[in-house]
């Protein structure tokens, strides 16, 4: 049906607790960046200009180190040919304009404004299906990215081992990945681990030791984790955490429950 059941907006928050909905939720990020986490699929990191769609019944939470803003809608029975949450990059501000119109007409008192909302629901679903069908990476590079995203938080994961299982030469895959993604597979793996560590030390570090955070980010050695973290962020994990705790102490409550 693609009917819009609910429209909400986050001006700027940092954390949305784990929750679920009875229908598809579609979230357009208007500013900042963050990460959606799920119980049964890899996390999705997003930024301004991207839309994340989440199926009904899927438990998910949303967090960000620097805060994010979004417009989110609940859709009844959208025609998505997907079973898992997915992320789509906007093109030519098409989704930005559609979500802005949804926000306006949701609050409108004009007669028959529901007709416009219904059309916008159809339009947004159509954009998402079309934009999601675009192939951004070659098949081997897409497969490597997916494998890294699914395993980056495992201390025993070695991306080099996975590359050697593929039906292409190791050096060819490494160069192909770097050309398309802008990072080597190992750099991409480290980036995901460091972004995860950054968010954990900002939002979830209370009650965890640095060693425990390291393990949850895919490191089996806390000293090595601290060395990589310092190289990446310019300070130790403990120093980073203290600075974030001090910074966030004067902020308003950063947790909000979704409807």
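Within the range 39-49, the residues that satisfy the criterion of being surrounded by 18 or more Cβ atoms within 10 Å (Cβ to Cβ) and part of a strand (DSSP E or B) are 44, 45, 46. Scanning the range 8-24 for residues that are farther than 17 Å from residue 68 by Cβ and in contact (Cβ under 8 Å) with a residue 40 or more places away in the chain yields 20, 21, 23, 24. From the list 186, 173, 192, the one residue that fits, being in contact (Cβ under 8 Å) with a residue 12 or more places away in the chain, part of a helix (DSSP H, G or I) and closer than 24 Å to residue 34 by Cβ, is 192. Being exposed (fewer than 13 other Cβ atoms within 10 Å of the Cβ) and more than 30 Å from residue 6 (Cα to Cα) is a property that residue 164 has. Among the candidates 152, 219, 162, 229, single out the residue that is touching a helix residue (DSSP H, G or I) at 6+ places or on another chain (Cβ under 6 Å) and farther than 25 Å from residue 36 by Cα. Only one candidate qualifies: 162. For residue 159, the conditions (1) touching a strand residue (DSSP E or B) at 6+ places or on another chain (Cβ under 7 Å); (2) at pLDDT 95 or above are fulfilled apart from (1).
Note on the range 127-156: residues that are at pLDDT below 90, in a loop (DSSP other than H, G, I, E, B) and out of contact with any strand residue (DSSP E or B) (no Cβ under 9 Å at 6 or more places or on another chain) total 4.
The values are calculated or read from the model by the stated rules, or taken from the named source; none is laboratory data. Predicted model only: the values in this text are computed from it and were never measured. All Cβ positions, even for glycine, are placed from backbone atoms using ideal geometry, and neighbour counts span all protein chains on display.
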